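Here's the structure we're looking at; comments come further down.
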Amino acid sequence: MRIGISVCSAYAVEDPRLGAKHMIERARVAREADLDSLFVGDHHLTAQPYYQNTPMLGRMLAEWNAKPAGALYLLPLWNPVLLAEQIGTLAAIMQGRFVLQCALGGEAKQSVGMGVDMRDRVPMFEASLSIMQALWAGETVTHERFWNIKEARISPVPATQIEIWVGSVAAAAINRTARLADGWLASPGMGLKDAVDQLNQYRQACAEHDRTPSAVAIRRDVFVAPTSQQARQFKERSLAKGYRGFPPEALLAGSIGEVADEFAAFGQAGFTDIVVRNASSDQAQSLATIEALGEVKLRMEAE
């Protein structure tokens with residue numbers, strides 16, 4: 001079981017430099033905790049500061065190591081030639097392999113604001129992925145359906161293959177993930193039972209498409225506390241405020257041992273990676289959780 005982190009990109013701060021500083025600090029502490037992967041998310045047209053993935057990841061890589069790193073991109077919102085170039089550059093400056101997490105993007109306001117018809121998201125997603133893979137292979141691409149692309153080539157092309165994980169929930173989307181991607185990224189808003197049900201759907205789809213995934217990952221919103229009581233109090237307060245609309249079983253708060261046991265259950269079910277998101281917005285608590293995840297990892301490796 002590999003433990004990675006998706007660093008929060010949204011911060012309610014008056015000085016935008018503070019949010020960027022928090023992200024850089026979290027990346028550095030994640031490296032010191034010897035976590036296995038580093039990611040950032042993708043969102044647009046936000047009311048409060050949301051730090052864009054490509055430039056922030058480029059800065060955070062200076063705090064990272066030779067382990068995998070990457071970013072989520074909502075593919076229909078991006079010109080695929082521009083995105084292929086940006087990922088090619090990121091892959092050139094990092095030591096480890098680049099993992100592209102990608103999804104459709106489900107917010108109508110965001111899609112409309114970016115000039116995307118929600119009805120076109122699925123074919124745009126598939127076309128974007130196909131175009132970028134061709135460009136990364138050094139091919140020349142022409143495409144006219146969604147983007148007016150004529151004889152495009154990019155440089156640099158990645159020295160190693162870009163690994164692609166797709167986030168999906170619906171049955172049709174899980175099937176599409178098995179057909180197109182190297183790995184699956186399960187939703188954070190599920191407990192273990194629902195996650196296993198979807199994992200079984202994904203396994204069946206992989207079998208139908210004769211694919212062997214490189215990663216079966218799930219995001220978990222996590223808070224690690226010194227004691228079980230402190231963790232329980234944090235979880236109760238968070239759920240009382242309607243934390244992301246999550247059911248109680250989807251928010252993981254516990255001591256180092258309790259979190260290690262929960263992670264182990266996902267590993268036993270067949271997940272290869274847990275990508276942690278900090279459940280607390282407080283920077284000190286978030287850094288403490290990231291540090292504690294290093295202890296969680298050591299405990300799991302010892303068992």
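Pairs of Cα atoms nearer than 8 Å and 6+ residues apart set the relative contact order; for region 1-157 it is 20 percent.
Structure note, pairs Lys67/Lys109; Lys193/Lys297; Lys193/Lys235; Lys109/Lys150; Lys67/Lys241: Cα-Cα distances above 28 angstrom occur for Lys67/Lys109; Lys109/Lys150; Lys67/Lys241.
Give the percent of DSSP beta bridges with both residues in region 2-216 that are antiparallel, rounded to the nearest 5.
Around 10 percent antiparallel, to the nearest 5.
Distance in nm between label sites at Ala207 and Ala47, each 7 Å beyond Cα in the beta-carbon direction? Going from the Ala207 label point to the Ala47 one covers 4.7 nm. Take the Cβ-Cβ distance between Glu126 and Asp282 as r, set R0 to 30 Å, and report the resulting FRET efficiency rounded to the nearest 0.05. That pair, Glu126 with Asp282, gives E of 0.15.
If the chain linking Arg299 and Arg179 were pulled fully straight, counting 0.36 nm for each residue of separation and taking away their Cα-Cα distance, it would gain 39.7 nm.
Summary value for region 252-303: 50 percent relative contact order, contacts being C-alpha pairs under 8 angstrom separated by 6+ residues. Secondary-structure-derived ellipticity at 222 nm for the chain, considering helices only, amounts to -14000 deg cm²/dmol, per-run term -39500 (n - 2.57) for DSSP H runs with n ≥ 4.
Couplings 3J(HN,Hα) of region 154-169, computed from phi: 10, 7, x, 8, x, 6, 10, 5, 6, 8, 10, 10, 10, x, 7, 10 Hz, in residue order, whole Hz [Karplus 6.51 cos²θ - 1.76 cosθ + 1.60, θ = phi - 60°; x for Gly and Pro]. Extension gain, Ala137 to Arg237, is 31.0 nm, computed as 0.36 nm per intervening residue step minus the present C-alpha separation.
The shape of region 15-114 comes out oblate: with a ≥ b ≥ c from the C-alpha gyration tensor, a/c is at least 1.5 while a/b does not beat b/c.
Laboratory data are not the source of any read-out in this text; all were calculated from the coordinates shown. Note that this is a predicted model, so its numbers are computed, not measured. Here Cβ is always computed from backbone atoms with ideal geometry, including for glycine, and neighbour counts include all displayed protein chains.
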